[in-house]
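One structure below.
The values are calculated or read from the model by the stated rules, or taken from the named source; none is laboratory data. Predicted model, so just to flag it, every value in this text is computed and none were measured. Quick reminder, even Gly has a Cβ in these numbers, built from the backbone with ideal geometry, and neighbours come from all protein chains shown. Protein only, heavy atoms only, side chains kept; ligands, DNA and RNA dropped before computing areas. Shrake-Rupley method; radii C 1.70, N 1.55, O 1.52, S 1.80 Å.
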Amino acid sequence: MSDQEALFEYLLRLGDNALVLGHRLSEWCGHAPALEEDLALSNVALDLIGQTQLWLNLAGEVEGKGRDADKLAYLRDARDFRNILLVEQPNGDFAVTMARQFFFDAWHYLLLRELAGSKDGRIAEIAAKSLKEVTYHLERSRDWVLRLGDGTEESHRRMQAAIDDLWMYTGELFEADEIDRAMLREGLGPDPAALHEPWLGLVKATFEEATLSLPQPGWAQRGGKRGIHSEHLGYILADLQFLQRAYPNATW
Amino acid sequence: MDSLTHPDLSQIRSWLGEVPDPEVPAVSVMDLGIVREVQWEEGELVVAITPTYSGCPATSVIAIEIEAALRAKGIERVRIERRLSPPWTTDWITPEGRQKLEAYGIAPPAEIAGGPSPFERFLRKPPAIACPRCKSVNTHRVSEFGSTPCKAQYQCRDCLEPFDYFKCI
Ligand SMILES: [Zn+2]
């Protein structure tokens, strides 16, 4: 694999994470438990979709085959998506959505902070821009983990169950493969393993304050970065891509 | 137009000062610091703009409105450039912009974005935000997000006014 191909793959991962999670959050629009939450979830989704556009446009530019963000988002099949498994997991109840968001935001924040120092100026500027937005996402999802964890008996039970269920999808965030190693070698991106300690530190401190217990280390579900997805991604794409599939090149 | 008949840049900036932000029409694109640079390049006017938030749907509307406003002033060749770096910050909102926001009922950003490290922000108490209606700082945050990504929702405990706060980024 050439450096250029590795960079393309890496940018797809960044774009697809934001796209799939942004889409998941948009599913809450009109259904959230309170108006404020409806607005907040939609705003976070909007930030993520905006970031998707930046990453996927850059990916298309690097690939050099004339694909832009729209073509990459709407015309690839599940096997060509490179998002981590965590972001495609269903919304579940509000606790599941916020636990998923907290795990992602904490990692995303740390990753973007490193990418803001990337040797590739195009990566650095998108990361610096996104980092400002993601700081708010993290502040909010962390706050919800605290409120539900240290809330009522029922909210605590639900948040603990959400954490226990999603924990096996967090391992993939910190595993390096040949693409991550190529990025590290070129000074374009960080070693994913190096993000684990600060991530776990933040998670532990938050759980402690929220009276939640940290799940035991166990088997990690992986594959999304290589295009091996759970059954959920196909349903997301059926919804997301329907219009472009049914009416190719439709614009509005 | 040749260089002798170009409207000068301060004239152009003052015209742009009349182009309202589509989501917060009380302030102009100049007040918000969205216009980063204006210059003539071989008879073409280049206006560099930066998005406030990466998913902000207003950014493309702003580009269209700037172009339309300049054309209405007789400038035929306009190019809008999108610039991502350095990323937009609320520190670029002008003092007049802050006053206009407050008069419109939106509390302006209370902090300097370039100040304390953002990672530590959730470890400390959020700053006191003054109610734009009665100026009391006895207010509380209802939600970190409001009607647009750039705003948070607050409520005044004294006069009970619910209001938007233009959050620091
Ligand atoms: Zn008041």
Residue that is under 19 Å from A:Gln101 (Cβ atoms), open to solvent by 30 Å² or more (accessible area, probe 1.4 Å) and among the small types (Gly, Ala, Ser), where the choices are A:Ala210, A:Ala205: A:Ala205
Restricting the range A:110-144 to residues that are farther than 15 Å from B:Ile169 by Cα and hydroxyl-bearing (Ser, Thr, Tyr), the residue that is surrounded by the most Cβ atoms within 10 Å (Cβ to Cβ): A:Ser141
Wholly within the range A:31-109, helices (runs of 4 or more DSSP H) carrying at least 3 residues that are crowded, with 23+ Cβ neighbours inside 10 Å: A:35-63, A:85-88
Residues of the range A:165-197 that turn out to be assigned to a helix (DSSP H, G or I), within 30 Å of A:Gln4 (Cα to Cα) and either touching a Cys at 6+ places or on another chain (Cβ under 8 Å) or not acidic (Asp, Glu) (or both), as a count: 15
Test for A:Arg157: is it in contact with a Phe, Trp or Tyr (Cβ under 7 Å, 6 or more places away or on another chain), basic (Lys, Arg) and either open to solvent by 40 Å² or more (accessible area, probe 1.4 Å) or within 13 Å of chain B (Cβ to nearest Cβ) (or both): no
Tally of residues being over 17 Å from B:Ile169 (Cα atoms), assigned to a loop (DSSP other than H, G, I, E, B) and among the β-branched types (Val, Ile, Thr) across the range B:137-154: 1
Residue within the range A:32-47 that is modelled with pLDDT of 95 or more and away from chain B (no Cβ under 11 Å) present: no
Of residues in the range B:1-20 being surrounded by 14 or more Cβ atoms within 10 Å (Cβ to Cβ) and among the hydrophobic types (A, V, I, L, M, F, W, C), the one modelled with the lowest pLDDT: B:Met1
Given (1) under 22 Å from A:Gln51 (Cα atoms); (2) touching a Lys or Arg at 6+ places or on another chain (Cβ under 6 Å), number of the condition B:Thr90 does not satisfy: (2)
Selection count, the range A:165-185, where residues are touching a residue at least 24 places away in the same chain (Cβ under 8 Å) and loosely packed, with under 15 Cβ neighbours inside 10 Å: 3
Residue in the range A:214-221 that is at pLDDT 95 or above, buried (at least 16 other Cβ atoms within 10 Å of the Cβ) and out of contact with any Lys or Arg (no Cβ under 9 Å at 6 or more places or on another chain) present: no
Qualifying residue in the range A:144-156 (condition: hydroxyl-bearing (Ser, Thr, Tyr) and touching a residue at least 12 places away in the same chain (Cβ under 8 Å)): yes
The range B:129-169, subset of a type in the set (D, E, K, R) and in contact with a strand residue (DSSP E or B) (Cβ under 6 Å, 6 or more places away or on another chain), residue farthest from the ligand (Cβ to nearest atom): B:Glu144
